[in-house]
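Report on one structure; see the data block that follows.
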Amino acid sequence: MNRLVFPFVVFVLFFLSGCGGSDDEPRDQSPPRLTFEVIGSGSHFPSTVDLPSQDDLEITLVPNSGFSIDNASGCSGTLAGNTFTIPARSTSCSVSFLFTEDSIEDVSQLFVENTFTFDGFTFVYHLYSPPVAQGELYPLVFAAHGTAEGIVAEEGRIDNPHLIDRTGERIGRPLAAGWLQPSIREKYPSYVVAPLIPFGGITEQWYDDNLIRIFDSLIDDLIANHQIDPDRVHLTGHSAGGMMTWTAPFLLPETFASISPKAGWFDRGGEPPQNFPTRNIEDRSEIYEQTAIWSFQHRGDPERTQENLRPIKQLTDVGFDFRIYSEISSDESRLILSQTVAQPLIHIAFELEEPCESACHYMGADIAAREELYYLWTYNQRRLQNDRLRMSLIQRVNERLTLEYEVLEAKENDELLVWQKDQTEQWRLLAANSALENVLETTLLDDTSRPIEFIFQVVDINKRAYVRETFAFE
């Protein structure tokens with residue numbers, strides 16, 4: 001029997017080796033994948049990545065408000081700032097992003113209470129002053145609270161509830177406090193003014209023309225005594241403060257680089273603001289055309305839904321190019337918004353439709369306070385001075401565009417940027433040239449048979465535009 005064992009073993013081994021398959025048989029053909037793990041509160045763009053990639057992959061990390069980037073690892077990638085770079089690769093791998101919550105801070109302690117007297121009237125305001133470098137100028141953000149948060153003169157209250165951020169849960173309500181979140185004040189250092197309207201005193205509302213003139217004097221006083229850039233003064237407000245945000249440029253057309261009304265309106269149920277000559281914002285549309293606007297409203301706002309939406313409709317009807325978003329929670333919407341902020345557009349509107357239960361009146365302000373793109377956008381706006389660009393020739397010959405221009409008081413690193421609108425209604429950077437030059441020649445985008453629209457920008461060394469002109473070839 002022993003002689004039979006060896007042949008049997010050989011036969012079994014031969015049989016098993018044959019059943020093991022060969023290199024010619026099909027293997028797993030699924031494409032390589034890059035998988036993401038997100039820990040904490042944040043997101044990344046792009047949200048999906050196709051492999052293989054012959055180029056390095058750059059992933060932008062975006063922490064939600066109140067969170068910071070703690071760590072990013074995997075796929076042999078490296079983190080620099082908020083960009084995670086993965087070397088070109090053809091095989092699957094996984095990356096992990098960790099966002100950690102910032103410590104909660106009572107930012108009201110960072111404000112200093114002051115008083116300002118004008119024409120015999122004294123009122124209270126709070127001021128945050130950022131750490132400053134010698135010779136540098138910084139933006140001024142003027143944040144106007146809603147009716148519910150003002151001083152009641154007869155009760156003598158001087159508390160300032162729109163500054164408080166002890167829980168981090170309602171940071172949208174305190175418009176001024178949003179700018180003092182640790183990550184925001186570090187990236188976008190700005191002076192922040194939180195005035196308190198004295199209800200029951202000089203006026204009952206922000207939009208009184210006398211009060212607006214007082215605040216104009218306050219702004220002048222602050223610019224004179226602090227390192228504030230007079231071309232980067234920004235105005236925001238919620239509810240009644242949002243109404244003041246819409247109406248102040250009407251009386252102060254040369255003051256603000258940007259305005260950001262939240263749940264605000266221009267008129268009160270068809271009546272013009274006090275001592276204003278009109279209830280129609282389009283009657284002075286030229287003021288708002290060159291003012292950067294980012295409006296936050298909710299279509300379900302129980303306060304004044306139609307009044308809140310009316311300014312955007314009126315300005316759109318007279319030709320304003322507003323990019324309007326109804327929701328911003330999806331990755332796709334956030335990506336589109338980030339592209340909008342990067343383009344030369346200065347008119348953005350949130351007309352939100354997301355569920356809000358009973359908090360619709362505050363939802364726009366809440367979202368703005370948590371949206372870092374909003375702070376980035378505001379921080380980079382400058383008051384436009386279009387008279388500094390003189391165009392002596394704008395000529396198109398077939399697919400070639402020639403410009404002859406002069407930029408008054410241009411500095412060494414200033415640039416002229418030419419943007420062209422493509423077939424998808426997106427603005428694409430066509431050419432850039434030194435603002436100290438006088439001639440620019442470039443080739444137009446494809447499909448020049450249709451009407452061609454351009455935006456001419458002049459930007460400083462920080463890419464902040466101080467000229468923005470539109471032009472079109474029919």
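One table, with the values for the structure above:
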quantity	calculated
Chain lengthening between residue 422 and residue 220 when straightened (0.36 nm per residue, less Cα-Cα)	68.5 nm
Loop-located GluC sites (Glu not before Pro) in segment 312-413, at most 15 other Cβ atoms within 10 Å (DSSP)	327, 353, 357, 399, 409, 412
Sparse-neighbour loop sites [chymotrypsin sites (Phe, Trp or Tyr not before Pro); segment 327-395; at most 14 other C-beta within 10 Å; DSSP]	none
Dipole moment magnitude, nearest 20 debye, segment 398-474 about Cα centre, only Lys, Arg, Asp, Glu C-beta charged	240 debye
Theoretical FRET efficiency, 1/(1+(r/R0)^6), r = Cβ-Cβ of residue 376 and residue 70, R0 25 Å, to 0.05	0.75
Segment 409-474: chymotrypsin sites (Phe, Trp or Tyr not before Pro) in DSSP loop, at most 13 other beta carbons within 10 Å	none
Ranking of 402, 117 by count of other Cβ atoms within 10 Å, fewest first	117, 402
Computed label-point distance, nm, for sites residue 392 and residue 136 using a 7 Å Cα→Cβ extension	3.9 nm
Modelled FRET efficiency - R0 30 Å, residue 227 with residue 463, Cβ distances, 0.05 increments	0.90
Contour excess over end-to-end distance, with Cα ends at residue 299 and residue 331 and 0.36 nm allotted per residue	9.3 nm
Residue-span extension gain [residue 442 to residue 117] - 0.36 nm each, minus C-alpha spacing	111.5 nm
Förster-model FRET efficiency, 35 Å R0, residue 45 and residue 411, C-beta, rounded to 0.05	0.60
Cβ-placed point charges (K, R +1; D, E -1), dipole of segment 347-452 about Cα centre in debye, nearest 20	400 debye
Taking segment 422-474 and dividing mean pair separation by its residue count, relative contact order in percent (alpha carbons under 8 Å, at least six apart)	27 percent
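None of the figures in this text is laboratory data; all of them are computed from the coordinates on show. Quick caveat: nothing in here was measured; it's all calculated off a predicted structure. Backbone-built Cβ (ideal geometry, glycine too); neighbour counts: all protein chains shown.
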